[in-house]
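Here is the structure we will look at, set down as structure tokens.
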Amino acid sequence: MRRTLFVLMLVSVLLTGCNGLSKMKTLSNRVRYQANPNPVETMDDKVVVKFTGQIPEKYFAKNCAVFIQPVFSWEGGNIPLEPITLKGEHVDGDGTIVNYAKGGRFTYSDMFDFKPGMETGRVTLNPIGYKASHTNEDARFMDDILHTNKGVEFGTVLLSDGVNNTSSWVDIKGNISIAPINYNKTQGIVETADIYFLNGTSNLDWNFEMNRKFDSYNTLQSLKRIMLEQGLPKQISITGWASPEGEETANVGVSKNRADIATAQLNKILDEVLTIMAKRAKVKPQDVEYYKYQQLKKLIITTRAAGEDWVHFVVMVEASEIQDKHAIINIVETQQNVLKREQMIRNMADTYEELRTEIFPSLRRAQIALYYSEARKTDAELAKQASLNPVKLSFDELMYAAYINYNYDTKLKYYKWATENHPSEWAAWNNAGAVAFYIDSIDEAERYLNVARDLNPHNPDVLNNTGLLYLAKKDYSLAKYYFEEAKRQGSSDADANIPILNLKRGNYREAQKVLKGNNCTYNLAFAQLMNDETGTAIRTLDCCLDQNADVNYLRAVAFARLGDKVNCLKNLKASIDEKYDYKRKAMVDTEFREYWDDAEFKQIIKLW
């Protein structure tokens, strides 16, 4: 009788266990899974998978366990993530207990490295239930439970469709630090005289306000006095310039005409000087013209139409009290397209008015320079020599030639030559490393900066650039160390670069606090967008100096989040028109998933 009762009890337990597992499978659609956020996002170049599970009341059998392993699948393969085990109240071992009567809630988090192409990936899970008195703590994959514990599949659940990679769009270029250039362009010049002109003209007017302000007529006449006292110089250079506004070709013509006006004035002075010198030398009247001819043959006179004077523009802006002068200089040094450079500066309405009244008038001029010792090379001569035979240039000349060149590939070439011909000069290695970093040649940048650090380990420019290097290499601890060291040594560039670390780590609130001092910047707008301040981010993007493809794309995302299709697609098209690669990006960008089936969106991203 006792044996019969025991058997009946055992069968009852077994049936209850089986019925419990079967019931859990049948009612598995009552379990709610929610990805947070959905779709999943990247953070610091890793895909972060977070979700919560909600177990209903009277669902989870007391003698059962459930093995849950999310799987990320994309065209490149599958990645099984870290598994989690839920268990009933009567099951021992590792796992999260779920109460049968009350149900329960659990959370999950894991991450893995992001790779291009994962934007269209999906996160799924297929819970495997099994009856157990103790969880299978050795199981690492679903097959372990299916084969060892005779598990039952509850069915595939789609947790997230797509990967949002917006977090990776931080601008990590930051502020590179270029070592000061020690080249003195005016060495060897005894005296100069400048003649100023009205905007767009080359008419000589001594009553023009700039000529009166600088007493240009008397300054020019002083050249006659110097030559009578010291004799003729070895060389005289005449250079015509225009202010950097308006059409570039026209400005070259204007600068040539201004140089011609200065040449005519010089010829008058030379004629007067040589007439007096001939009289002093007691030259016979009939021989005076021949005397002048012989003296002029010994004199080297060069004339140059220099066009728009960007070099002196930067120097004058840097020395001015203009509030946005650093932003202006950054535009000049980074924007190689002259027309776009001028338009970006023109877009700064209030600042442009200051430039128009305080800077531009001083650049519309022609200069006569007397050299009594060896004259410095002109910018054009330096550039030509640097490209043809850099070994003939001094270190300072080569560094200056790199500094005034606005093409970053050419800059790097010149700085590399400086390292090869002057290997003990830390500034050459530093500047080569900074420019290599700026054009994304990270390995090359590291090689140069390592040498610069050996030569000058405590220099703030070297330390700041090293911080940027480690930021690009995703070694944020070292990046932070070098930025802080550079800041301690007096680097203002490092102070501006530190917030980028917070952006990469997802500390958007902290980054935004610091970046508020840098109004109208891409990274500030990015922080605002990631802090869900979408409207503010759009306003920040609107006032960015460089309305480039990156700015337009981020603005398109912001409008997409607001559901503003017209402005979203308008900005998306503008970004793609400038940067074709954004077509492929937008095709898989989950920020635009609401428009993936839209005919206008499809037309914009259509690959030709």
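For the chain, give the share of DSSP beta bridges that are antiparallel, in percent and rounded to the nearest 5; count only bridges with both residues there. Of all bridge pairs located within the chain, approximately 80 percent are antiparallel. Its residue count N fixes a reference of 2.2 N^0.38 Å for the range 345-485, and the Cα radius of gyration divided by that reference is 1.29. Spacing of the modelled spin labels on His147 and Lys513, each 7 Å from Cα toward Cβ, amounts to 5.4 nm.
Accessible area per residue for the chain is 50 Å², calculated with a 1.4 Å probe on protein heavy atoms, without ligands, DNA or RNA. Rounded, prolate or oblate, given the Cα gyration tensor of the range 251-337, with a/c below 1.5 counting as rounded? Prolate, since a/c reaches 1.5 and a/b exceeds b/c.
Once the C-beta distance of Lys298 and Thr219 is scaled by a Förster radius of 22 Å, the resulting FRET efficiency is 0.30 to the nearest 0.05. A helix-only calculation puts the chain at -15500 deg cm²/dmol for mean residue ellipticity at 222 nm, using -39500 (n - 2.57) for each DSSP H run of at least four residues, averaged over all residues. The trypsin sites (Lys or Arg not before Pro) of the range 516-608 meeting both criteria, a DSSP state outside H, G, I, E and B (loop) and at most 14 other C-beta atoms within 10 angstrom of the site's C-beta, are Lys516, Lys606. Here each label is just a point 7 Å from Cα along the line to Cβ, and for Lys473 and Ser73 those points are 3.9 nm apart. For the chain, the fraction of 1.4 Å probe accessible surface lying on carbon and sulfur atoms is 49 percent. Here each label is just a point 7 Å from Cα along the line to Cβ, and for Asp44 and Met587 those points are 3.2 nm apart.
Legend: residue pairs Lys413/Lys606; Lys325/Lys411; Lys25/Lys585; Lys50/Lys115; Lys416/Lys473, Cα-Cα distance threshold 29 Å; pairs beyond threshold, Lys413/Lys606; Lys25/Lys585.
In the assembled protein chains, Tyr595 presents an accessible area of approximately 20 Å² (probe radius 1.4 Å).
Label point of Asp598 set 7 angstrom out along Cα-Cβ; within the range 558-580, amide nitrogens under 14 Å from it belong to 558-574. The ellipsoid equivalent to the alpha-carbon distribution of the chain has semi-axes of 75, 25, 18 angstrom, derived from the gyration tensor eigenvalues as √(5λ) and listed largest first. Computed over the chain, relative contact order equals 12 percent, with contacts defined as Cα pairs under 8 Å that lie 6+ residues apart.
With N as its number of residues, the range 418-559 has a Cα radius of gyration that, divided by 2.2 N^0.38 Å, comes to 1.16.
Note on the range 186-340: Cα Rg divided by 2.2 N^0.38 Å, N the number of residues, gives 1.27. Projected over all directions and averaged, the alpha-carbon convex hull of the range 42-101 occupies 5.4 nm². Evaluated over the Cα positions of the range 504-608, the convex hull gives a direction-averaged projected area, one quarter of its surface, of 6.5 nm².
Straight-line reach from Lys297: taking Cα to Cα under 22 Å and skipping same-chain neighbours fewer than 8 places apart, the lysines in range are Lys224, Lys234, Lys268, Lys279, Lys282, Lys284, Lys377.
The values are calculated or read from the model by the stated rules, or taken from the named source; none is laboratory data. Fair warning: this is a prediction, and the values are worked out from it, not measured in the lab. Counting neighbours? That spans all protein chains shown, and the Cβs are built from the backbone with ideal geometry, glycine included. Please note that ligands, DNA and RNA were not included when accessible areas were found on the heavy atoms of the full protein model with its side chains. Shrake-Rupley method; radii C 1.70, N 1.55, O 1.52, S 1.80 Å.
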